Amino acid sequence: MHTIHRKLTVILIVISLGIGFIGGIWFERTQGLSPLDRIVRELVNRDLFKPAAVDFSLFWNVWNTLHDRYAENEDLSTQKLLYGAISGMIKSVGDPYTVFFEPKITKQFQESISGTFSGVGMEIGIRDDTLTVIAPLKDTPAFRAGLKSGDKILKIDETSTDDLSVEEAVRLIRGKRGSKVALEIFTPETKKSRSVEIVRDKITIPAVEWEMISNNTAYLTIHTFNRNVDSEFEEMAKEILKSSAELLILDLRNNPGGLLESAVNIAGWFLDDNNVVTIEQFGDKSKNEFHAHGNGALKPLKMVVLINNGSASASEILAGALHDNRGIILIGEKTFGKGSVQQLEKFSDGSSLKVTVAKWLTPSGISISDTGIEPNIEVKIPKEDAENDKLEFGKPGKDPQLDKAIQIVNTL
């Protein structure tokens, strides 16, 4: 009897499951999940961390309407739409250095400070909402093509740079060695546009160079603060100390910056131990100070520093630290003004967010991103020299800013 009862129970369960399954299919087809609803079900954690004070229904209304009404909705990619929505949110902040990276761009991001890559050899940034050349790197295709700090990049091949992030532009400019990229360039000084075709090449950035330009004057150039700069600088600093140099000209022109840690380390060669190099100010106005820790070995040399509008980021930090702590004279032109701190947050799918978390201040409290660094002695490059190729950076007699530096350092 019990056996019969158990068999009947199993049969009833099977029948119930079958009815439920068939009913589910009928419900979905008649009044349940539409194709639109099934697309939305691809999303997980729709309501996770949803802001309590914001009516987020507008987002989902637009999302649903797009899927429901768009003529080719079968081609819509849920992942692509999600990345696009996040990118739009980040762009609305209005900070060109806060950027969302999809996984493939995240992989490329670290190349910008690696010291070796394939491209045209220039640092770019956003200035006045326009993609701008911060500095062409010495002896690179961009340098040889005549690109200058302040030039505006309007097109990369056939792609307009309107609304492009710096990282998107870098991805388009870089490419296989030997291939060509066409740039439409506008130069504000001449108010002229021109098309420049550049052949991409392997870019190896020399971080530091130096030479004696007189019996007692060393001329030291830091081109960039990449991963090689600490070791290269230490080697050349020791060579200078063994030389007959009593005077030093430090050239930070067209140095687009790089690693903060390296700027702090190099400052230690010029400053007393524990001098403030820079101040990191966060959104809540809290501050974090970075201090010099080094031997101050180059401090006995009388020196001046060269800067221009291609000096940015870490080079501005170093120039500000030398000026504010020791009163070292800055000669040239106002710097670019890239003085914000970015932090890279990585996510599980390989995407990341480079977000501005603070501003850099000089030891005296000047915001680099707000004002840049002003020279004590302004020396502008004559426009006719730049246009007629009479200018040669680093060559006395062909470089008015260097000539002024030589004159000033010899009076100290």
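For the peptides 282-290, 95-103, the ranking by mean Cβ contacts within 10 Å, running from highest to lowest, is 95-103, 282-290.
Computed from phi, the 3J(HN,Hα) profile of the stretch 243-252 under the Karplus parametrisation 6.51, -1.76, 1.60 (θ = phi - 60°) reads 7, 8, 5, 10, 10, 9, 10, 9, 9, 10 Hz, with x in place of Gly and Pro.
Stretching the chain fully between residue 66 and residue 349 yields a gain of 99.4 nm (0.36 nm per residue, less the alpha carbon separation).
Rounded to 0.05, the FRET efficiency of the residue 410 and residue 299 pair, given R0 = 22 Å and the Cβ-Cβ distance, is 0.70. Working from label points 7 Å from Cα in the Cα-to-Cβ sense, the residue 118 to residue 244 distance is 4.8 nm. Note on the stretch 271-377: Lys pairs 8 or more places apart or on different chains, Cα atoms under 20 Å apart, count 8.
Report the extension gain between residue 204 and residue 162 in nm, rounded to one decimal, defined as 0.36 nm multiplied by the number of residues separating them, less their alpha carbon distance.
12.2 nm is the gain from fully extending residue 204 to residue 162.
Given a Förster distance of 35 angstrom, what is the FRET efficiency for residue 57 paired with residue 95, based on the Cβ-Cβ distance and rounded to 0.05?
Working: r = 28 Å, r/R0 = 0.79.
E(calc), rounded to 0.05, equals 0.80.
Dimensions of the stretch 175-244 along the principal axes, based on C-alpha atoms and rounded to the nearest Å, stand at 47, 32, 17, largest first. Note on residue 215 and residue 398: the model spin-label points, each 7 Å out from Cα along the C-beta direction, lie 2.6 nm apart.
Ordering of 295-306, 322-333, 390-401 by packing is 322-333, 295-306, 390-401, highest average first (other Cβ atoms within 10 Å, averaged per residue).
First check a/c for the stretch 133-203, with a ≥ b ≥ c the square roots of the eigenvalues of its C-alpha gyration tensor; if it is under 1.5, answer rounded, and if not, answer prolate when a/b is larger than b/c or oblate otherwise. The partial results should precede the final answer.
Numbers: a/c = 1.58, a/b = 1.15, b/c = 1.38.
Oblate, since a/c reaches 1.5 and b/c is not below a/b.
Taken as Cα centroids, the stretch 274-352 and the stretch 355-375 sit 8 Å apart, rounded to the nearest whole angstrom.
Highest mean packing comes first when the peptides 124-132, 209-217 are listed by Cβ atoms within 10 Å, giving 124-132, 209-217.
Annotation: aspartates and glutamates with alpha-carbon distance below 14 angstrom to residue 242 (same-chain offsets under eight excluded): 211, 234.
Laboratory data are not the source of any read-out in this text; all were calculated from the coordinates shown. All values derive from a computational prediction rather than experimental measurement. Don't worry about glycine lacking a Cβ; one is built from the backbone with ideal geometry, like all the others, and counts go over all protein chains shown.
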